[in-house]
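Reviewing the structure listed below.
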Amino acid sequence: MAKLINHIYVSVSNDLFSDQRVDKVCNSLISMGFKVTLVGRKLPNSLPLDSRNYKTKRIHLLFKKGAFFYAELNFRLFWYLLFKKHSVLLANDLDTLLANDWVSNFKRSDLAYDSHEYFTEVPELKEGSFAKNMWLRIERKIFPKLNNVYTVCDSIAEIYSKKYGVEVKVVRNIPRKNKIKTFKSREELGLPIDKKILLLQGAGINIDRGAEEMVEAMKFLPDDYLFVIIGGGDVFETLKHIIADNQLENKILIKGKIPYSELVHHTYNADLGLSLDKNTSLNYQYSLPNKLFDYINYQTPVLATNLVEIKKIVNKHKVGWIIDTHQPKEIADKIQDIFSNKIEYQEFKNNTKKASEELNWESEELVLKQIYCKLLK
């Protein structure tokens, strides 16, 4: 009976395949004594899920985006969760919070909230738009009542705490300690051994993430550089057009989504990891993306744009370089400068290994235990 009481349902709006943060949280919850079910959506192109230590449920939705999608998602989530036995509900981001709040109130379940970003300040929500005002109304109604809240960085936690008078803890998007002893070679991965590999990875390679400018920058780099893009996002079709228009097919490789277990081998084999988000919204200004810590954990120095939380990590641990521009020519010049200074490059690469001893999920997990262990029945 105790196992049934300690059942936690975790809700997301994605298709579960590439959300490494949620996967880590789910496994941490299992280690604390929870039975876990992760609920997301099923897309026409959703890839099969690898084996998990917890149950998963993908909900089929008629709508794929926009207001009708979010309305249907929360409607379907509400009815799904309402008839499940659980003691705790975990909503990931504002787009799943409404349904979880309704069910929590109805069934008197504990509710936890993981805010992966400054949701109401994402660039897709234009200032003054109906969509932004609606999300703000939902946030203002629910957030002040929450008791178990955490987010991805200090800046966002501070904003929410001041805004709603709620304690917000910080659990950063950091991978587990690297336990891989032998990595696949470039040959095994189908990567060239005689080129400098520049890597951009992530599940959200969208507009204003710098991917377009990096593609353009390849026009100014010699042929011994290869730009590799791995992940998903709404800018991929645009990138393909830019590549074709500039005849850059031999200098850029788009791999799309691959399992995380395969991705880490690519990260390790890269020469430089890229994090080029633009400061076009408060959400991006305070972003602290998972890819930054993946690069560090797999010993790949970083080139990143000058954003508050990212700069703090890069400069503190001396694991890379900060750039203040998105001009393609200037990005290319900076990259060539990086590789021309072999001593500094090797120093920063060595520092990634030192930093990974501190920056790992095992450390972040201690905060999760503070939140969830008190919710065990």
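The values are calculated or read from the model by the stated rules, or taken from the named source; none is laboratory data. The structure presented is a predicted model; accordingly, all values stated were derived computationally and were not measured. With ideal geometry, Cβ positions are generated from the backbone for all residues, glycine too; neighbour counts draw on all protein chains shown. For the accessible areas, the whole protein counts, side chains as well, though only heavy atoms, and no ligand, DNA or RNA atoms are used. Shrake-Rupley method; radii C 1.70, N 1.55, O 1.52, S 1.80 Å.
In table form, for the structure just shown:
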read-out: Extreme residue, nearest to ARG172 (Cα to Cα), among residues of region 108-134 that are part of a loop (DSSP other than H, G, I, E, B) and hydroxyl-bearing (Ser, Thr, Tyr); value: TYR118
read-out: Whichever residue in region 1-16 is open to solvent by 30 Å² or more (accessible area, probe 1.4 Å) and of a type outside the set (S, T, N, Q) and, among such residues, is modelled with the highest pLDDT; value: ILE5
read-out: Every residue from region 341-377 that is basic (Lys, Arg) and crowded, with 19+ Cβ neighbours inside 10 Å; value: none
read-out: Criterion (at pLDDT below 95 and among the β-branched types (Val, Ile, Thr)) met by exactly one of THR280, THR300; value: THR280
read-out: Residue that is least open to solvent (accessible area, probe 1.4 Å), among those in region 199-225 that are of a type outside the set (Gly, Ala, Ser) and out of contact with any helix residue (DSSP H, G or I) (no Cβ under 9 Å at 6 or more places or on another chain); value: ASN206
read-out: Scope region 24-45; condition buried (at least 20 other Cβ atoms within 10 Å of the Cβ) and either over 20 Å from the mean Cα position of the chain (by Cα) or not polar (S, T, N, Q) (or both); matching residues; value: LYS24, VAL25, CYS26, LEU29, PHE34, VAL36, LEU38, VAL39, GLY40, ARG41
read-out: Qualifying residue in region 97-110 (condition: open to solvent by 40 Å² or more (accessible area, probe 1.4 Å), under 20 Å from the mean Cα position of the chain (by Cα) and among the polar types (S, T, N, Q)); value: no
read-out: Region 233-249: number of residues that are under 20 Å from the mean Cα position of the chain (by Cα) and open to solvent by 10 Å² or more (accessible area, probe 1.4 Å); value: 3
read-out: Residues of region 248-271 satisfying the condition of being farther than 27 Å from LYS219 by Cα and among the small types (Gly, Ala, Ser); value: SER261
read-out: Qualifying residue in region 120-134 (condition: modelled with pLDDT of 95 or more, buried (at least 21 other Cβ atoms within 10 Å of the Cβ) and out of contact with any strand residue (DSSP E or B) (no Cβ under 6 Å at 6 or more places or on another chain)); value: no
read-out: Test result for ARG137, over 25 Å from ILE207 (Cα atoms), of a type in the set (Lys, Arg) and in a loop (DSSP other than H, G, I, E, B); value: no
read-out: Helices (runs of 4 or more DSSP H) wholly inside region 153-223 that include at least 3 residues being more than 20 Å from ILE338 (Cβ to Cβ); value: 154-164, 186-189
read-out: Residues satisfying the stated conditions in region 57-89, i.e. open to solvent by less than 20 Å² (accessible area, probe 1.4 Å) and within 24 Å of LEU125 (Cα to Cα); value: LEU61, PHE69, LEU73, ASN74, LEU77
read-out: Residue within region 351-365 that is more than 19 Å from the chain's Cα centre (by Cα) and more than 30 Å from ILE30 (Cα to Cα) present; value: yes
